[in-house]
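Encoded as structure tokens, the structure appears first; notes follow it.
The values are calculated or read from the model by the stated rules, or taken from the named source; none is laboratory data. Bear in mind that the values here come from a model prediction, so they are computed numbers and not experimental data. Methodologically, a virtual Cβ is constructed for each residue, glycine included, from the backbone with ideal geometry; neighbour enumeration extends over all protein chains shown. Areas reflect the complete protein model, heavy atoms only, side chains present, ligands, DNA and RNA absent. Shrake-Rupley method; radii C 1.70, N 1.55, O 1.52, S 1.80 Å.
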Amino acid sequence: MSVNNPQTREWQALSGEHHLAPFSDYKQLKEKGPRIITKAQGVHLWDSEGHKILDGMAGLWCVAVGYGREELVQAAETQMRELPYYNLFFQTAHPPALKLAKAITDVAPKGMTHVFFTGSGSEGNDTVLRMVRHYWALKGKPHKQTIIGRVNGYHGSTVAGASLGGMSGMHEQGGLPIPGIVHIPQPYWFGEGGDMTPDAFGVWAAEQLEKKILEVGEDNVAAFIAEPIQGAGGVIIPPETYWPKVKEILAKYDILFVADEVICGFGRTGEWFGSDYYDLAPDLMTIAKGLTSGYIPMGGVIVRDTVAKVLSEGGDFNHGFTYSGHPVAAAVGLENLRILRDEKIVEKARTEVAPYLQKRLRELQDHPLVGEVRGLGLLGAIELVKDKATRTRYEGKGVGMICRTFCFDNGLIMRAVGDTMIIAPPLVISREEVDELVEKARKCLDLTLEAIK
């Protein structure tokens, strides 16, 4: 990226001298300098050089209602003037958190009418770990400690969140996972299905859950945690046979099911939650991101009534955060849910935006570099391959990062997960903006193919 604005260089210098960025190679970032984003409106961003960029990732999966919603700004300002902060410890509460808890449970799956607030999805999954173990201790089964996650699942980057997730790169740093967490294969047919059909592979992947329960022992397993659709792992949409088989297995065993809805929640799949789309019945659901459309940090755990009843009769739950249910975040979350509901954004995503996005995305399937295009709701993935028939990759070329750079330099944010390009635009993206996204994606695929030749 060429730099013409002197202020861009000043900001990049500040970054190199003072800022340690998340998920970054610090040496590389200091040499190159970060792209400085200065403003946003609708589904577009602008950088300090004046370039307009279509945000195909809704920030980090979170800006559901788009940038520049004055109602959310006003909700924060009003609440800051009235009660900028107070905690929920020591038998106190405040109206914004209580109203938001009710509003969340109004759209949650039936039988889930309790919410524990956190500051993020990572904190939500830390809460899950402690809550499910505490639940079983209260039930007189303190030995039910082990939580089963999935390889390449993502549940945050805190110690507990990264342990629950199954990303080897994260486990290699910090001696993770912590004890009491095990992992089973992911339902990633394109990358790992081999010669099996998608349906056969879906059943096989689901059966690994039962195999692990029996290996660890049902009396030792506290819960199974999974994203309805794996987001950070590469928008991995399981085969149609996967979730029905998992549900069948869960019904046989006395363990809890945790649906991590941080990405899928609040309309991303075209339903309020991914659990609604797949007809799941989780005992706990982790939420964040779309809850406030990313305008302010907030997360939480929605808890099934049967679990909440046990917790409510068990004395102190010695867990919480300074910013649990922060009143300003709660006020923004409440207004964000109102916008989603009153403007029928979730319904429009399901019936209008998502079908058009998925239709246009699949037009990229004919590109020589594309092995598969898959998607659901406002989620999509494009697999970059050397050979379509065998699903063989370009080894050692870093094709995904090459494509990602072309995207950013040509006005589009698409994320690279290995050699898989993924998108999750704001739910309010228009048809014209979908066209812009797909046209820019095709151009960047062309540039990538030219570069690797």
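Hey, which of the helices (runs of 4 or more DSSP H) in the stretch 59-175, taking only ones fully inside, have at least 1 residues that are open to solvent by 70 Å² or more (accessible area, probe 1.4 Å) and over 24 Å from L340 (Cα atoms)?
70-82, 121-138, 159-164, 168-171
Which of the residues spanning the stretch 393-434 are assigned to a helix (DSSP H, G or I), among the basic types (K, R) and in contact (Cβ under 8 Å) with a residue 60 or more places away in the chain?
R431, the sole residue that qualifies.
Would you check if there is a residue in the stretch 232-245 being more than 18 Å from G274 (Cβ to Cβ), over 22 Å from the mean Cα position of the chain (by Cα) and open to solvent by 10 Å² or more (accessible area, probe 1.4 Å)?
So the first thing to find is which residues in the stretch 232-245 are more than 18 Å from G274 (Cβ to Cβ), and the list is none.
Looking through the stretch 232-245, none of the residues is more than 18 Å from G274 (Cβ to Cβ), over 22 Å from the mean Cα position of the chain (by Cα) and open to solvent by 10 Å² or more (accessible area, probe 1.4 Å).
Go through the stretch 7-28 and report how many residues are in a loop (DSSP other than H, G, I, E, B) and among the hydrophobic types (A, V, I, L, M, F, W, C). Before you say what the answer is, go through the steps one by one.
Of the residues in the stretch 7-28, the ones in a loop (DSSP other than H, G, I, E, B) are 19-25.
With among the hydrophobic types (A, V, I, L, M, F, W, C) added as a condition, the list becomes 20-21, 23.
Final tally of qualifying residues: 3.
State which residue is nearest to H143 (Cα to Cα) when the search covers only the stretch 182-205 and only residues that are aliphatic (A, V, I, L, M) and surrounded by 23 or more Cβ atoms within 10 Å (Cβ to Cβ).
The extreme case among them is I184.
Step by step: first the residues of the stretch 372-389, then only those that are in a strand (DSSP E or B), charged (D, E, K, R) and open to solvent by 10 Å² or more (accessible area, probe 1.4 Å), then the one that is farthest from A424 (Cα to Cα). Which residue is that?
This residue is D387.
So for the stretch 420-428 (the condition being under 22 Å from F23 (Cα atoms), modelled with pLDDT under 95 and not hydrophobic (A, V, I, L, M, F, W, C)), does at least one residue qualify?
Taking every residue of the stretch 420-428 in turn, none turns out to be under 22 Å from F23 (Cα atoms), modelled with pLDDT under 95 and not hydrophobic (A, V, I, L, M, F, W, C).
Taking the stretch 1-51, which residues are surrounded by 15 or more Cβ atoms within 10 Å (Cβ to Cβ), basic (K, R) and either under 27 Å from A424 (Cα atoms) or in contact with a Ser or Thr (Cβ under 7 Å, 6 or more places away or on another chain) (or both)?
If the condition is that a residue be surrounded by 15 or more Cβ atoms within 10 Å (Cβ to Cβ), basic (K, R) and either under 27 Å from A424 (Cα atoms) or in contact with a Ser or Thr (Cβ under 7 Å, 6 or more places away or on another chain) (or both), then R35 is the only one that fits.
Of the residues L54, L72, L100, L60, which is over 30 Å from L412 (Cα atoms), under 24 Å from the mean Cα position of the chain (by Cα) and of a type in the set (A, V, I, L, M)? Reasoning before the result, please.
Numbers: L54 fails: over 30 Å from L412 (Cα atoms); L72 fails: over 30 Å from L412 (Cα atoms); L60 fails: over 30 Å from L412 (Cα atoms).
Selected residue: L100, the only one of L54, L72, L100, L60 that is over 30 Å from L412 (Cα atoms), under 24 Å from the mean Cα position of the chain (by Cα) and of a type in the set (A, V, I, L, M).
Going through the stretch 318-374 one residue at a time, which ones are over 23 Å from A76 (Cα atoms), of a type outside the set (D, E, K, R) and out of contact with any Leu (no Cβ under 8 Å at 6 or more places or on another chain)?
Of everything in the stretch 318-374, those that are over 23 Å from A76 (Cα atoms), of a type outside the set (D, E, K, R) and out of contact with any Leu (no Cβ under 8 Å at 6 or more places or on another chain) turn out to be N318, H319, T351, P355, Y356, L361, Q365.
From the list A103, A21, which residue is under 30 Å from G320 (Cβ atoms), touching a Leu at 6+ places or on another chain (Cβ under 9 Å) and without any contact (Cβ under 8 Å) to a residue 40 or more places away in the chain?
Only one candidate qualifies: A21.
State yes or no: is K289 charged (D, E, K, R) and without any contact (Cβ under 8 Å) to a residue 24 or more places away in the chain?
no
Considering only the stretch 176-210, state which residues are of a type in the set (D, E, K, R) and assigned to a loop (DSSP other than H, G, I, E, B).
D195
So which pairs qualify, if the first residue must be in the stretch 342-357 and modelled with pLDDT of 95 or more, the second must be among the acidic types (D, E), the Cβ gap must be under 8 Å, and the two must be at least 6 apart or on different chains?
Short answer, once both residue conditions are applied: V346/E271; R350/E271.
Conditions (1) touching an Asp or Glu at 6+ places or on another chain (Cβ under 8 Å); (2) over 17 Å from T105 (Cα atoms); (3) at pLDDT below 95; (4) polar (S, T, N, Q), marked per residue:
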| position | (1), (2), (3), (4) |
| --- | --- |
| P228 | yes, yes, no, no |
| V235 | no, yes, no, no |
| I249 | yes, yes, no, no |
| Y253 | yes, yes, no, no |
| G265 | no, no, no, no |
| E271 | no, no, no, no |
| A288 | no, no, no, no |
| T292 | no, no, no, yes |
| I296 | no, yes, no, no |
